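The structure appears right after this line, and notes come after that.
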Amino acid sequence: MAFRKVATLDELWDGEMTVLEIEGHVVLLVNVDGGIHAYADSCPHLGTRLSQGSLQRSVLTCATHGWEFDVSSGQGINPKKACLESFAVKVENGDILIDVGARELKG
């Protein structure tokens with residue numbers, strides 16, 4: 001697959017997250033300290049939508065059991081062995097582009 005435009009930096013401010021459906025994938029898009037990150041909107045624990053949780057700085061907390069993740073890296077904080085499934089993302093001329101075919105497990 002290829003990168004495709006899904007949003008602009010004007011639509012996703014620093015410290016915000018949003019959910020998008022891209023080619024059948026539910027993607028959580030996060031802007032933390034100017035870095036754009038894209039993850040599957042599913043907690044690795046029970047599959048709860050991470051978008052239902054809370055984002056405090058770079059820490060995303062799952063609403064179901066309080067699992068915490070560093071959205072800058074996708075690495076689990078509590079528990080440390082958990083990690084988020086990510087999508088390739090890049091920013092060009094203020095546009096946010098994602099390739100849902102380029103997936104990897106972070107952490």
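Laboratory data are not the source of any read-out in this text; all were calculated from the coordinates shown. As the structure is a computational prediction, the values presented were derived from the model and not from experiment. Neighbour counts are summed over all protein chains in view; Cβ atoms, including those assigned to glycine, are modelled from backbone coordinates with ideal geometry.
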Subject >> Dimensions in Å of the chain - Rg and Dmax from alpha carbons >> reply: 12.7, 38
**OP:** If a cysteine in the chain has no other Cys Cβ under 4.7 Å from its own Cβ, put it on the list, ordered by number.
**Re:** Cys83
Original post:
Along the charge dipole of region 4-101, which of Ala63, Leu12, Val26 sits closest to the positive end, that is, farthest toward it, with unit charges on the beta carbon of Lys, Arg, Asp and Glu (+1, +1, -1, -1)?
Top reply: Ala63
**OP:** Only Cα pairs under 8 Å and at least 6 apart count here; give the relative contact order of the chain as a rounded whole percent.
**Re:** 28 percent
Original post:
About its Cα centre, what dipole magnitude does the chain give when the only charges are +1 on Lys and Arg Cβ and -1 on Asp and Glu Cβ, stated in debye to the nearest 20?
Top reply: 400 debye
**OP:** Could you rank the peptides 32-44, 13-25 by their average count of other C-beta atoms within 10 Å per residue, with the highest value first?
**Re:** 32-44, 13-25
Subject >> Net charge of neighbours whose Cβ lies under 10 Å from the Cβ of Cys62, counting Lys and Arg as +1 and Asp and Glu as -1 >> reply: 0
